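Student: Pasting a structure below so you can have a look.
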Amino acid sequence: MTKYTFTFDPADENKFNEVLSRLEPDEYTILEETRLVNPEKPRESDKQTIIEMEPEAALTFRLGMKFLKIRRERTEEELAEEKRVDDMNTVRITVQVPMGDSGTTP
């Protein structure tokens, strides 16, 4: 089984539970109950849960919920490769402004 983090809009919690109810109990294990991602701002916060399940069971969520973020737990090697690819595709620009120039013209 694989560990997944599911993040979804609070309004979609009923849909999430409906999709979860379609799975057989032996197909998944809830590792962390559904909670707010940012408890300081409950009205703006998404909800999140961590579930261990077979990849095929996770596919049920991908097909059953349009606005659901699913993140599979990554190994250190996978995270390093992901960072390398992101860095390779990121453009960084450094701007230097001369000292003493207020930027205004007389």
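Each value in this text was obtained by applying a stated rule to the coordinates, not by laboratory testing. Since the model is a prediction, treat every value here as computed from it, not as a measurement. Because the Cβ atoms are built from the backbone with ideal geometry, glycine has one as well, and the counts that use them run over all protein chains shown.
Student: Report, to one decimal in Å, the Kirkwood hydrodynamic radius for the stretch 2-88 based on all distinct Cα pairs.
Tutor: Values: mean 1/r = 0.0713 Å⁻¹.
Averaging 1/r across every pair of different Cα atoms and inverting gives 14.0 Å.
Student: Please give the net charge around A11, taking every other residue with its beta carbon less than 15 angstrom from that of A11, where Lys and Arg add +1 and Asp and Glu add -1.
Tutor: Working: positive: K15, R43, K47, K66, K69; negative: D9, D12, E13, E18, E44, D46.
Value of the local net charge: -1.
Student: Work through the residues other than K47 whose Cβ is under 13 Å from its Cβ and net out their charges, Lys, Arg +1 and Asp, Glu -1. Walk me through the intermediate numbers first.
Tutor: Values: positive: K15, R35, K41, R43, K69; negative: D9, D12, E13, E32, E33, E44, D46.
Every neighbour counted, the sum reads -2.
Student: If the cut-off is 18 Å between C-alpha atoms, which aspartates and glutamates fall inside it for K41, apart from same-chain ones fewer than 8 positions away?
Tutor: Correct list for K41: D9, D12, E13.
Student: Still on this structure, please answer the following. How far is helix 55-64 tilted off the main Cα axis of the chain, in degrees rounded to 10, range 0 to 90?
Tutor: Taking the Cα atoms of the chain, the angle to 55-64 is about 80 degrees.
Student: With a sphere of radius 13 Å drawn around the Cβ of L79, what net charge do the other residues whose Cβ falls strictly inside it have (Lys, Arg +1; Asp, Glu -1)?
Tutor: Values: positive: R71, R72, R74, K83, R84; negative: E73, E76, E77, E78, E81, E82, D86, D87.
Residues near L79 contribute -3 overall.
Student: Measure out, as a whole number of angstrom, how far apart the alpha-carbon centroids of the stretch 1-33 and the stretch 36-77 sit.
Tutor: The stretch 1-33 and the stretch 36-77 have Cα centres spaced 8 Å from each other.
Student: From the helices alone, meaning DSSP H stretches of at least four residues, give me the mean residue ellipticity at 222 nm for the chain, per-run term -39500 (n - 2.57), in deg cm²/dmol to the nearest 500.
Tutor: On the way: 3 runs with 32 residues, N = 106.
Only helices count here, giving -9000 deg cm²/dmol.
Student: For helix 76-88, what angle does its Cα long axis make with the longest principal axis of the chain, in degrees from 0 to 90 and rounded to 10?
Tutor: 40 degrees
Student: Assuming 0.36 nm per residue, please report the length gained on full extension of the stretch T2 to D86 beyond their Cα-Cα distance. If you can, show how the numbers build up before the last one.
Tutor: Values: separation 84, 0.36 × 84 = 30.24 nm, distance 2.39 nm.
In short, 27.8 nm is gained.
Student: Place a point 7 Å from the Cα of R22 along the Cα-to-Cβ direction; which residues of the stretch 46-70 have their backbone N under 12 Å from it?
Tutor: Label zone hits: 57-66.
Student: Would you please give the FRET efficiency between V37 and I93, computed as 1/(1 + (r/R0)^6) with r the Cβ-Cβ distance and R0 = 41 Å, to the nearest 0.05? It would help to have the intermediate numbers written out before the result.
Tutor: Values: r = 31 Å, r/R0 = 0.77.
For V37 and I93, the calculated efficiency is 0.85.
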